[in-house]
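The values are calculated or read from the model by the stated rules, or taken from the named source; none is laboratory data. Here the structure is a predicted model, which means the values were calculated and not measured. Ideal geometry is used to build each Cβ from the backbone, glycine not excepted, and the neighbour counts take in all protein chains shown. For the accessible areas, the whole protein counts, side chains as well, though only heavy atoms, and no ligand, DNA or RNA atoms are used. Shrake-Rupley method; radii C 1.70, N 1.55, O 1.52, S 1.80 Å.
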Amino acid sequence: MFLLLPFDSLVVNLLGISITVLFTLLLVFIIVPAIFGVSFGIRKVYMKTLLKIFQWATLRIERGAKEKNHPLYKPYVNGIIAKDPTSLEEEIKEIRRSGSGKALDAPEFELSDIFYFCRKGIETIMDDEVTKRFSAEELESWNLLSRTNYNFQYISLRLTVLWGLGVLIRYCFLLPLRIALAFTGISLLVTGTTVVGYLPNGRCKDFLSKHVHLMCYRICVRALTAIITYHDRENRPRNGGICVANHTSPIDVIILASDGYYAMVGQIHGGLMGVIQRAMVKACPHVWFERSEVRDRHLVARRLTEHVQDKSKLPILIFPEGTCINNTSVMMFKKGSFEIGATVYPVAIKYDPQFGDAFWNSSKYGMVTYLLRMMTSWAIVCSVWYLPPMTRQPEEDAVQFANRVKSAIARQGGLVDLLWDGGLKREKVKDAFKEEQQKLYSKMIVGSHEDRSRS
């Protein structure tokens, strides 16, 4: 055996003391509060401090740009083209009136009608309201992250030093701490649900499963320094219902599951995700599908119906958009979860991009890269609104019900309500959308012709 020199022994002792102190702090200030669902308010103080620093940095950028006559980039929140909510018929009527002075019902077709479609096509190319929902939201202020503002450039030495200090804090302190917390949360989730899964079914198992899930999700929330404000908690989803929410990020699941107990729905994966899924389903009746079963709509609907009909089972958590949208809008809800006939509990989630952009652009970043960006952001700040439960009306079909729920979520979260399918992130526009415009125009022409025939 070799002996350590006095200096080496001192270093080892200091390292051991440092690790002990670190784990003690983690246990006292993070893990124990996560178990009991309490907070010491440290994250809110941290958030307020960051806000003051961001305000100073933004003012310094604006002053520096003014001194050097550099134009500042200002994002167009409402688009670069002013659009009035008018119908196809009204706009073509206006074009005909200004072009030829004739009323709409005078001719069956006028060459000037093509200007309407040309203008709409150019507007769509210049200011597409769909594809810009699949890219990160640009900030008006700077949050000391070079990835979030086009005005990031050298302004002054103090600002550059502050940005460098922020990089050191995020990558050398926050990132290792968050990775340790994430590892702790995931390890406890797998271990805890596996152990609980061996218990016989009953109240004890349900109680332990619920609190194991809540504890682990709350630790994972702290791994992102997530600061969440929940509103109207009396409307939280209940057993036998379906919780539907707008979808911005994979962490939406953690955000909601740290305040409630849900049955998850999804496809079975391999690797680490598969290990987590197999452990979770032992303790809680989650609904996992094989890859070959996902495309079978009838099988999926039957499994979900069987789940919600059992009022003792947990509410199902579903994101009907089917893809992540950049938290500026809500896109078309798939009708499947609204055909079941269960009570729907809408939830609106709105992130504050000042501290970190939660949107996952899956066509640009892989999961590992995305999580790295999350863990090197300052924090994840969001608000969650639980809306009153909604049921399908006798005269409504599934599509109308889905649109009514979507509108309620968009209105509460301050999001733009869009009818477009989120699947356009990877697919071309369906022919049905083109045919709909053709039908509107042909109906206008044929309708005016039939009216003249009757007269």
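At-a-glance table
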quantity	calculated
Whole-number accessible area per residue in Å² for region 157-425, which is evaluated in the context of all protein chains at 1.4 Å	45
Simple label model, 7 Å out from Cα along Cβ direction - residue 411 to residue 49, nm	4.2
Burial ranking of peptide ranges 345-358, 307-320, 237-250, 44-57 (average Cβ count within 10 Å, highest at the top)	345-358, 237-250, 307-320, 44-57
Magnitude of the charge dipole, region 157-425, Cβ model with Lys/Arg +1 and Asp/Glu -1, debye to 20	560
Region 157-425 - percent of accessible surface contributed by carbon and sulfur, probe 1.4 Å	60
Label-to-label distance, nm, for residues given as residue 428 and residue 443 (7 Å Cα→Cβ offset)	2.6
20 Å cut-off, amide nitrogen to a point 7 angstrom out along residue 310 Cα→Cβ, residues in region 338-382	340-344
Efficiency of FRET from Cβ geometry, residue 180 and residue 201, R₀ 45 Å, rounded to 0.05	0.85
